[in-house]
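Written out below as structure tokens is the structure these notes cover.
The values are calculated or read from the model by the stated rules, or taken from the named source; none is laboratory data. Please read all numbers here as calculations on a predicted model, not as lab measurements. Cβ coordinates were reconstructed from backbone atoms using ideal geometry, including for glycine residues, and neighbour counts include every protein chain displayed.
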Amino acid sequence: MANAIYPKFKEQLLQGSVNMSTADIRAILFDTGLDAYDAANEFVSDLVAGAIVKRTAAGAGSKTFTNGIFDAADITFSAVTGATCEAILLYVYNASDTAARLIAFIDTGVTGLPVTPNGGDINVAWDAGANKIFAL
């Protein structure tokens, strides 16, 4: 699978329903052995719960939007245990997973994927290339 922006998120961007500069954007370490990218998914609640290995506790910092390219500070997942993770999913945090909108499925261009948790922290360095986290 290649990186993808969820189609329902694209719809929301085009309709002006999501403002990424003010949104609380968080990340999920994801086990693709239990669930795979599905273009029909819209919310975190659409995912197989067991495929969610760990979530970031805080939103993305230092977000930038330049020439249609989204970037943010690298992230850390703390004290990770569980299954091997092959992807990172970005979503707009909401207290309810039924309203937490999926943004992107990322499995390439990120240093260290796949990763097997060992109880320690997992640091994610976003693509340093031209597309950063993703480009529209």
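Among the residues of segment 37-49, which ones are modelled with pLDDT of 95 or more and either farther than 17 Å from Ile106 by Cα or out of contact with any helix residue (DSSP H, G or I) (no Cβ under 8 Å at 6 or more places or on another chain) (or both)? I'd like the intermediate steps shown before the answer.
Initially, segment 37-49 is screened for residues modelled with pLDDT of 95 or more, giving 37-48.
Result: Tyr37, Phe43, Val44, Ser45, Asp46, Leu47, Val48.
Could you count how many residues in segment 52-110 are hydroxyl-bearing (Ser, Thr, Tyr) and on the phi > 0 side of the Ramachandran plot? Talk me through it step by step, then tell me what you get.
Step one: list which residues in segment 52-110 are hydroxyl-bearing (Ser, Thr, Tyr), which gives 56, 62, 64, 66, 76, 78, 81, 84, 91, 93, 96, 98, 108.
With the extra rule that they be on the phi > 0 side of the Ramachandran plot, the set shrinks to 62.
Count: 1.
Just the residues that are over 17 Å from Val53 (Cα atoms) and of a type outside the set (Ser, Thr, Tyr), please, taken from segment 111-136. Write out each step before concluding.
Narrowing segment 111-136 to residues over 17 Å from Val53 (Cα atoms): 111, 125-136.
Of everything in segment 111-136, those that are over 17 Å from Val53 (Cα atoms) and of a type outside the set (Ser, Thr, Tyr) turn out to be Ala125, Trp126, Asp127, Ala128, Gly129, Ala130, Asn131, Lys132, Ile133, Phe134, Ala135, Leu136.
Considering only segment 19-35, state which residues are surrounded by 15 or more Cβ atoms within 10 Å (Cβ to Cβ) and either of a type in the set (A, V, I, L, M) or assigned to a loop (DSSP other than H, G, I, E, B) (or both).
Quick first cut of segment 19-35, residues surrounded by 15 or more Cβ atoms within 10 Å (Cβ to Cβ) only: 20, 23, 25-32, 35.
Once the filter is applied, which keeps residues that are surrounded by 15 or more Cβ atoms within 10 Å (Cβ to Cβ) and either of a type in the set (A, V, I, L, M) or assigned to a loop (DSSP other than H, G, I, E, B) (or both), segment 19-35 yields Met20, Ala23, Ile25, Ala27, Ile28, Leu29, Asp31, Thr32, Asp35.
With the requirement that a residue be surrounded by 12 or more Cβ atoms within 10 Å (Cβ to Cβ) and hydroxyl-bearing (Ser, Thr, Tyr), what does segment 55-74 give you?
Within segment 55-74, Thr56, Thr64 qualify.
Inspect segment 36-47 for any residue being closer than 21 Å to Val124 by Cα, of a type in the set (A, V, I, L, M, F, W, C), out of contact with any Asp or Glu (no Cβ under 8 Å at 6 or more places or on another chain) and in a strand (DSSP E or B) and give the result as yes or no. Can you show your working first?
So in segment 36-47, the residues closer than 21 Å to Val124 by Cα come out as 36-37, 44.
The next check asks that each one be of a type in the set (A, V, I, L, M, F, W, C); those that pass are 36, 44.
Applying the additional criterion that residues be out of contact with any Asp or Glu (no Cβ under 8 Å at 6 or more places or on another chain) yields 36.
So of that shortlist, the ones also in a strand (DSSP E or B) come out as none.
No: segment 36-47 contains no residue that is closer than 21 Å to Val124 by Cα, of a type in the set (A, V, I, L, M, F, W, C), out of contact with any Asp or Glu (no Cβ under 8 Å at 6 or more places or on another chain) and in a strand (DSSP E or B).
Is one or more of the residues making up segment 78-100 exposed (fewer than 11 other Cβ atoms within 10 Å of the Cβ), within 24 Å of Leu13 (Cα to Cα) and touching a residue at least 60 places away in the same chain (Cβ under 8 Å)?
no
Which number in (1) surrounded by fewer than 16 Cβ atoms within 10 Å (Cβ to Cβ); (2) in contact (Cβ under 8 Å) with a residue 40 or more places away in the chain; (3) more than 20 Å from Pro114 (Cβ to Cβ) marks the one condition that Asn41 misses?
Condition (1) is where Asn41 drops out.
Taking the conditions exactly as written (over 19 Å from Ala51 (Cβ atoms), in contact (Cβ under 8 Å) with a residue 40 or more places away in the chain and among the acidic types (Asp, Glu)), does Asp74 satisfy them or not?
Working: over 19 Å from Ala51 (Cβ atoms): yes; in contact (Cβ under 8 Å) with a residue 40 or more places away in the chain: yes; among the acidic types (Asp, Glu): yes.
Judged against the criteria, Asp74 is a match.
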